[in-house]
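Each reported figure results from applying straightforward, stated rules to the coordinates on display, with no laboratory input. The structure presented is a predicted model; accordingly, all values stated were derived computationally and were not measured. Here the Cβ positions follow ideal geometry from the backbone for every residue, glycine too, while neighbour counts run over all protein chains shown.
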């Protein structure tokens, strides 16, 4: 008999409109949870993974503020 995999338990959305970022919760095979942050930037879908939900929320907040201000990924240092 095959074991059913647990579906992701939640999707958290940060921001709104084109500056929206989503955090997906994934249960890994080793029993730990993984949080994947996904957002659209420059016409492409970007993702980052985290072990901690608080860190993922903090980076998502920074990303949405950066997108609202119109900064591209490489523009922070200029």
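With the convex hull constructed from alpha-carbon coordinates only, segment 11-67 shows a mean projected area of 3.8 nm² over all directions. For segment 51-73, backbone nitrogen atoms closer than 17 Å to the point 7 Å from residue 36 Cα along Cα-to-C-beta are found at 51-53, 56-57, 60.
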